[in-house]
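Read through the structure below, which is laid out as structure tokens, and then see the notes.
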Amino acid sequence: MENNDTTIALIGGGPAALFAFKHILLQNIKPETIYIFEKNERLGAGMPYSRHGADHEHVANVSANELPELYEDFVHYIKKHYPADFPEFVENGTVNEYEVIPRLLLGNYLEEQFKNYIQLARKEGINVHIHTGTSVKDIVKKENEDHFTIVTEDQWYTVSVTIICTGHFWPLTYEQKQPGWYDSPYPPSKFSYPTDYPVAVRGTSLTAIDAVKTLARRNGKFVHAGKELKYYLNDGSKDFSISLFSLRGFLPALRFHTEEDAYSEDWIMSIEDIYEYKKSHGGFVDLDYVYDLHFMQPLKRKNPDFYEKIKDLSMEEFVEKMLTMRDELDSFELFKAEYAEAEKSIRRHESIAWKEALSAFSYAVNYPAKHFSAEDMLRLRKTLLPLISVIIASLPQSSYREVIALYNAGLIRLVSVGEDSHIEPHHDQGAVYHYTDSNGQQTSEHYQLYIDAIGQQPIQFNDVPFEGLKQNGLISSGYLKFKSPENAKAAYQKDHKNIIETDADQYYLKVKGLNINDHFQALDYYGKRIPDLFIMAVPYIAGLNPDYSGLDFCDTAAKRIADTILDINKIRDAG
């Protein structure tokens, strides 16, 4: 659109906002004004790629060749901006584009790209107003109004389109109230002291590895001894150790060579395909169909031999087969074996086909997931997501070497716990971890330092901070309808909290996060779309988007949002 009076507000200025800004320009939408509200001082870096979520030792699980396209590519950026804080990343004046990127360095790159796009927008006549160090307190749109009011601490702004891209968020439970209790490992600067005692970390995801890397450096140092990395405790941390607590006790899988291009909207199930399928399948997209389309069929092409071994297994049987194999091995010995497998894959430039196919499925399932029946969403959560969460972690090899150095030093262990495990604050400091041990004995262990590191979780409707959106009915919790009344009634008897019965004797599964449509538009209580309100904030959309993180997802979501804004503007102009 060459001329319209649209004003767009980006609530949040991290990576999601960067990609939203990029696609607004690429689609030539040409709003009159774009407002950017960012609570911190930088644009582009967000939490993960700034000091709020990383220190020098933290690395991303992506390399330069895997980054979505931006104003300038990463290698070109490094040639112009020598990374003085990371001299080891540049070897003989060149960058290995297959090497994972330090997170702070990636944040610098993303910040620079945001600046480039802002400069481009201003050249095209768009007014860009940047409000860093500014928290948005509320977003209001009253009935019959055609605009939103963005409320900050000391001012308000009127806009016609709002895109919520506020990024990661960890609600506080006991942190700041209970000494030694932390609801996340971020920012790492809050662990500024040695911990001369055992530490409990809940989780084994990349978030947990972040905590491990931070704590290890507060209490000792890693030293290269030939090809081996060794860890030595500081004199004041002789009693330091880490216990990782995890359901089923799996460590994250490692990065390996992948053959696919960066994920894009070109090869996921299109909106047209989704609705065409629903017409002849009772109004739902079936999980088994998506599983076959985006996992089994690609696997058949990539590795026919492996496909033949599992082609007759149901989704549940396949997952149980893979998880049972992991259960039968010691977690750290399996960790070592997978490292050798990943190194071989990278050295030979050969993919591990089933892992690559499963990662691709995880990305692709986001788009039809909101069209699943409640039964299929429950199946996905219970069955496939536990395996996916392990495989798609793509732990960098450098992080593996540090974990193994701690293991070889006898300073890290992995404790497998069940669903009945729970944690409570200790009366003095830290937490008490209650769980059933491998011998079936009820165990309670006190830790002076406890860190919840299970990663970003979806937040509930009531935890959304924008009261104006809630009170005026512009957002709602996510729900999925049951396909079978019998299944629904049985589920309702077991779970009155998450299964909702309506007046029409219909049953719905309440999913965490907010309700959105295929275009990331907010849906109100009645399922009606709010045309000019878009939501791509990770904690808000996770319920209906099982694999919702990563720069690729930001890029794809942002493109859909920009496409929709363009279509809305065309309709308005035509009217």
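The values are calculated or read from the model by the stated rules, or taken from the named source; none is laboratory data. If you're wondering where the values come from, they're calculated on a predicted model, not measured in any experiment. All Cβ positions, even for glycine, are placed from backbone atoms using ideal geometry, and neighbour counts span all protein chains on display. The area values use the complete protein model at the heavy-atom level, side chains included, leaving out ligands, DNA and RNA. Shrake-Rupley method; radii C 1.70, N 1.55, O 1.52, S 1.80 Å.
Overview of results
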quantity: Cβ-Cβ FRET estimate between Gln119 and Val223, R0 fixed at 56 Å, reported to 0.05; calculated: 0.80
quantity: Relative contact order (%) - criterion: Cα under 8 Å, at least six apart; region: the chain; calculated: 19
quantity: Cα gyration tensor category, rounded, prolate or oblate, for region 369-458 with a/c compared to 1.5; calculated: oblate
quantity: Radius 13 Å from Cβ of Thr324, net charge of other residues (Lys, Arg +1; Asp, Glu -1); calculated: -2
quantity: For region 1-67: rounded, prolate or oblate by the Cα gyration tensor [a/c cutoff 1.5]; calculated: oblate
quantity: Cβ-Cβ FRET estimate between Asp273 and Ala409, R0 fixed at 56 Å, reported to 0.05; calculated: 0.60
quantity: Pairwise FRET efficiency - Glu486 versus Thr132, Cβ, R0 = 56 Å, nearest 0.05; calculated: 0.55
quantity: Top positive-direction residue, dipole computed over region 419-575 with Cβ charges, set Ala537, Gln460, Leu474; calculated: Leu474
quantity: Chymotrypsin sites (Phe, Trp or Tyr not before Pro) restricted to region 473-575 and DSSP loop, no more than 13 other C-beta within 10 Å; calculated: Tyr525, Tyr526
quantity: Of all accessible heavy-atom area on region 307-355, the percent that carbon and sulfur account for (1.4 Å); calculated: 49
quantity: Normalised contact order of region 67-188, rounded percent, pairs of Cα under 8 Å and 6 or more residues apart; calculated: 11
quantity: Neighbour net charge for Val415 - beta-carbon separation under 12 angstrom, K R +1, D E -1; calculated: +1
quantity: Spin-label model distance (nm) - Glu419 vs His446, 7 Å beyond Cα toward Cβ; calculated: 3.2
quantity: For the chain, with +1 on Lys and Arg beta carbons and -1 on Asp and Glu, the positive-most of Ile8, Phe191, Ile163 along the dipole; calculated: Phe191
quantity: Per residue accessible area in Å² of the chain, where ligands, DNA and RNA are left out and the probe is 1.4 Å; calculated: 46
quantity: Surface share of carbon and sulfur [accessible, 1.4 angstrom probe, percent] for region 499-575; calculated: 49
quantity: Gln155 versus Asp463: modelled label distance in nm, points set 7 Å from Cα along the beta carbon direction; calculated: 3.2
quantity: Ranked packing of 29-40, 330-341, most packed first, by mean Cβ within 10 Å; calculated: 29-40, 330-341
quantity: Antiparallel bridges, percent of DSSP beta bridges restricted to the chain (to nearest 5); calculated: 50
quantity: Percent carbon-and-sulfur accessible area, region 56-173, ignoring ligands, DNA and RNA, probe 1.4 Å; calculated: 45
quantity: Amide N of region 499-525 lying under 13 Å from the label point, which is placed 7 angstrom from the Cα of Arg381 along Cα→Cβ; calculated: 499-500, 508-514
quantity: Mean Cα-pair separation over length for region 210-307, i.e. relative contact order, pairs under 8 Å, 6 or more apart, %; calculated: 11
quantity: Summed residue charge, Cβ within 11 Å of Tyr77's Cβ, Lys/Arg positive, Asp/Glu negative; calculated: -2
quantity: Cα-based shape type of region 60-113, given that a ≥ b ≥ c are square roots of the gyration tensor eigenvalues and the cut on a/c is 1.5; calculated: rounded
quantity: Inter-label distance for Asn234 and His496, nm, one decimal - labels placed 7 Å from Cα along Cα-to-Cβ; calculated: 5.3
quantity: Qualifying trypsin sites (Lys or Arg not before Pro) for region 452-510 [loop in DSSP, other Cβ within 10 Å: at most 11]; calculated: Lys497
quantity: For the chain, with +1 on Lys and Arg beta carbons and -1 on Asp and Glu, the positive-most of Phe74, Leu229, Ile101 along the dipole; calculated: Leu229
